[in-house]
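In what follows, a single structure is set out as structure tokens and then discussed.
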Amino acid sequence: MRPRIYKSPYLSIARPLGGVICLLVWAVVGFAGQTSRVVVRDDMRPAHKTELLEKLRAITGWRELSFDRNGFLVTGEVDSAGSESARALIASAIHGNQLIVLEDATDRADVAFCRVVPGRTTGSSVSPIPIFVVLIDFRDFQHVTGDARARAAFDVGWGFLHELDHVVSQSKDAENMSAAGECEDHINQMRRELGLPVRSTYFFSSLPVKTDPNFITRLVRLGFTESDPSHRRPKHYWLVWDAALVGGIDERSLTALIRSADSK
Ligand SMILES: [Zn+2]
């Protein structure tokens, strides 16, 4: 049976006008003279900044990666450990031709894990370079359970890098359920450099188990694979979460589910 597929937790850049985010003037004025073009909004919770930095340090090997006192991402000393491809991506973003703003989108219903949208300034200020806003729902990642190997390959650091690759590399997501897609292919290369499983597909699918009809849950799963020299077939790992909590499912399907539950 063909599993139902849903939107990926990582959405593409392409967004209708309604997805454009208006930024305060500080976003434009603030980056003048800065050596980094990746900045975190000052209202992101400190614990979330720390969580994101710790994940990115583990991936890149940049142990001094941090936000400076103005919120700009700086790398510190070069470290030989970690993923070289991830370091190259972040370095390209820091020295790129666009401003990338990180925003805390925790508990927002319209954000499943991470999303990147175009940004623009308010008022009469005009940005001399394009602005992109990476929205991060930190709580969504707390809802993920599953194999430890796959969880190491899917956290807020990986989610951020996925969005960064959309902006920097202008990469696309997969359009069919059997492929990882151009963007995740780039991210999978980073996972390989760290000896982690790779994401098999871009889309996640419904978990083939029955759930209590009295509770509105939408358990979904996302597969990862890892080649095993001692076996002919690769190892498979799964992540599972409730898409009714995280989002990313078709609202019409959720409405249908609620009606179904009410009718019983
Ligand atoms: Zn994407």
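The values are calculated or read from the model by the stated rules, or taken from the named source; none is laboratory data. Computed from a predicted structure; not experimentally measured. Counting neighbours? That spans all protein chains shown, and the Cβs are built from the backbone with ideal geometry, glycine included. Please note that ligands, DNA and RNA were not included when accessible areas were found on the heavy atoms of the full protein model with its side chains. Shrake-Rupley method; radii C 1.70, N 1.55, O 1.52, S 1.80 Å.
Selection of the range 174-199 for residues being among the charged types (D, E, K, R) and modelled with pLDDT of 95 or more yields 182, 184, 185, 191, 192, 193, 199. The set of residues in the range 135-175 that are free of Cβ contacts under 8 Å to residues at least 24 places away in the same chain, over 18 Å from residue 90 (Cβ atoms) and outside any helix (DSSP H, G or I) contains only 175. Would you please name the residue that is nearest to residue 52 (Cα to Cα), looking only at residues in the range 148-179 that are open to solvent by 60 Å² or more (accessible area, probe 1.4 Å) and away from the ligand (no atom under 11 Å from the Cβ)? So, considering only residues that are open to solvent by 60 Å² or more (accessible area, probe 1.4 Å) and away from the ligand (no atom under 11 Å from the Cβ), the one nearest to residue 52 (Cα to Cα) is 151. Only residues that are of a type in the set (Ser, Thr, Tyr), open to solvent by less than 60 Å² (accessible area, probe 1.4 Å) and within 23 Å of residue 106 (Cβ to Cβ) were counted in the range 48-95, giving 1. For the range 181-205, give me the residue count where each residue is among the aliphatic types (A, V, I, L, M) and either within 13 Å of the ligand (Cβ to nearest atom) or touching a Lys or Arg at 6+ places or on another chain (Cβ under 6 Å) (or both). Qualifying residue count, the range 181-205: 2. Of note, residue 120 satisfies the criterion of being part of a strand (DSSP E or B), farther than 26 Å from residue 188 by Cβ and either hydrophobic (A, V, I, L, M, F, W, C) or open to solvent by 30 Å² or more (accessible area, probe 1.4 Å) (or both). Filtered by the rule that a residue be of a type in the set (Phe, Trp, Tyr) and more than 15 Å from the ligand (Cβ to nearest atom), the range 117-147 gives 138, 141. Selection of the range 58-104 for residues being of a type outside the set (D, E, K, R) and part of a strand (DSSP E or B) yields 66, 67, 72, 73, 74, 99, 100, 101, 102. Looking at residue 155, is it modelled with pLDDT of 80 or more and under 14 Å from the mean Cα position of the chain (by Cα)? Yes: the conditions hold for residue 155.
Residues in the range 180-189 that are surrounded by fewer than 22 Cβ atoms within 10 Å (Cβ to Cβ) and under 22 Å from residue 140 (Cα atoms): 2 in all. Applying the set (1) at pLDDT below 60; (2) within 16 Å of the ligand (Cβ to nearest atom); (3) open to solvent by less than 50 Å² (accessible area, probe 1.4 Å) to residue 100 leaves exactly one unmet item: (1).
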